[in-house]
Structures are given as structure tokens and as C-alpha cells.
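Visitor: Pasting a structure below so you can have a look.
The values are calculated or read from the model by the stated rules, or taken from the named source; none is laboratory data. If you're wondering where the values come from, they're calculated on a predicted model, not measured in any experiment. Cβ placement follows ideal geometry from the backbone for every residue including glycine, while neighbour counts extend to all protein chains displayed.
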Amino acid sequence: MKTYFNDKVAVVTGGARGIGKCICEEFLKAGAKVCTIDLLDNDYFTGDLSDKATLERFADKVLCDYGKVDFLINNAAPLFKGIDECSYEDFEYAQRVGVTAPFYLAKLFAPYFSKGSSIVNISSSRDRMSQPQSESYTAAKGGISALTHALAVSFSGRIRVNSISPGWISTEPISGIDASQQPAGRVGHPRDIADMVLFLCSDRAGFITGENICIDGGMTRLMIYHNDFGWTLSE
């Protein structure tokens, strides 16, 4: 797989750490050129995805450097705040990062996507389940899941568009009761997501578009009862 994406150009948002960094590393190993944008310092472009002009400058740089895009990975995480503390401005900011930026980058790059291009949006298992006080993040993740199938239809025959919904992903090994609560027997690793991203961008996924793939170790399928799998009901 080392040169599977030789001479391909991969754009990855939020690529400076965590899942995004792992995705960038795997693309580089596979021979791709990687362009990332993140609020954190990185080797390509530092900037705020919520800002329209910043997105335009970033797109201009990518196209000036390479003249095309093969893969767009919308990974940057939106703001996580709940209804008690989330202001109107906070909520709006979360949607700009989590939904508007992926839409606008797809629009900016639309004329420059190569034949066989792919967009992969990173959603979350929170697009179908919630914890209290998670509204800004959950709404953005639900939005990008819906945006995925809308773009897949609009880009029919030109660009495949899919999304991935990660569950609990950790950069550190976790064992004991936390891992036993996962049907897969462990907590997820960024590589679990990166591997699926590269698969969805490959020719092997050529008949997959408009799809959401949940990678959560089976947690969204687990029924929870008192004293099962380390879960205890407390008053």
C-alpha cells in the first residue's frame, strides 16, 4: 500500500493532532501529498475553519501548489458545549466549523476534483445518540451526516462522498472495565478510522457512496442493563 496513492493530493482538515494527524500520516505513507488546515501549528496551513476568507486562502494555496484535489477529508472537530452554557455565538461557531466549512470546501474544490475523487466526512456516533449537554457538537455531527448523502447525490458520477462515525477513540491504550464495556473488547485507536478513510478513498470502495459507516466497537448496538458489562445502576 506504500505507493497506492502516489501523486494523489489529500486535503485533511483538523490534521494537527488525534484522528486527523493519523489520517495525514497514513496518506503520506501511501504516497499522497497532504495539505492540512488546523488552528494548531502544522507544516501546511494554520487558520480558523469558521472563517470564509481563511477557507478561500487555504483552497487557493492548495490549488496553487498542486492544481487539483483527489481526496477531501473533513475531520476538524466543532466546539463541544451544551444548552446550559452554549451561547448563540458558540452554537453558530460549531456549525460553521462542523458543517459550513465542509460544504464550502467541497464547493471551492468542486471544479478541481480529479476523476475518481472521494470526500470523506468525519461525523460521530453522536449523530444518532447523545449525552446531556452536548448540543453544539451533536448538531454539527448530525448535520455533516446529512450533508454527506446530499453531496453524494449532487456529485453523482464525479465524486464519491461518504462519512465515518467514530465512537470512543483514544490515543492512549485503555484496559480494564472501560475496554470490557466495548463489544469489540477494546477502545478505538485513530488508526481504526484512518484505515477506513484510506479504504473509502481507494478504488476498492468504488461502488460505495452516500454511506455512513459507524466505527465504534459495537457500542451503539449494546443493550445496557444493571450489572452487565461493568454498568451499574445508581440512585
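Visitor: I need the full set of residues from segment 146-163 which are crowded, with 18+ Cβ neighbours inside 10 Å, small (Gly, Ala, Ser) and part of a helix (DSSP H, G or I), in order please. Please lay out each step first, then the result.
Guide: So the first thing to find is which residues in segment 146-163 are crowded, with 18+ Cβ neighbours inside 10 Å, and the list is 147-148, 151-152, 155, 159-163.
Filter again for small (Gly, Ala, Ser), leaving 152, 163.
Within segment 146-163, just ALA152 meets the criteria.
Visitor: Confirm whether GLU172 is exposed (fewer than 14 other Cβ atoms within 10 Å of the Cβ), under 24 Å from ALA76 (Cβ atoms) and modelled with pLDDT under 95. Walk me through it before giving the result.
Guide: Working: exposed (fewer than 14 other Cβ atoms within 10 Å of the Cβ): yes; under 24 Å from ALA76 (Cβ atoms): yes; modelled with pLDDT under 95: yes.
The answer is yes for GLU172.
Visitor: A further question follows. Which condition number in (1) in a helix (DSSP H, G or I); (2) in contact (Cβ under 8 Å) with a residue 60 or more places away in the chain; (3) under 18 Å from LEU72 (Cβ atoms) is the one that TYR137 fails?
Guide: (3)
Visitor: Return only the number of the condition from (1) polar (S, T, N, Q); (2) over 30 Å from LYS68 (Cα atoms); (3) at pLDDT below 95; (4) out of contact with any Cys (no Cβ under 7 Å at 6 or more places or on another chain) that SER87 does not satisfy.
Guide: The failed condition is (3).
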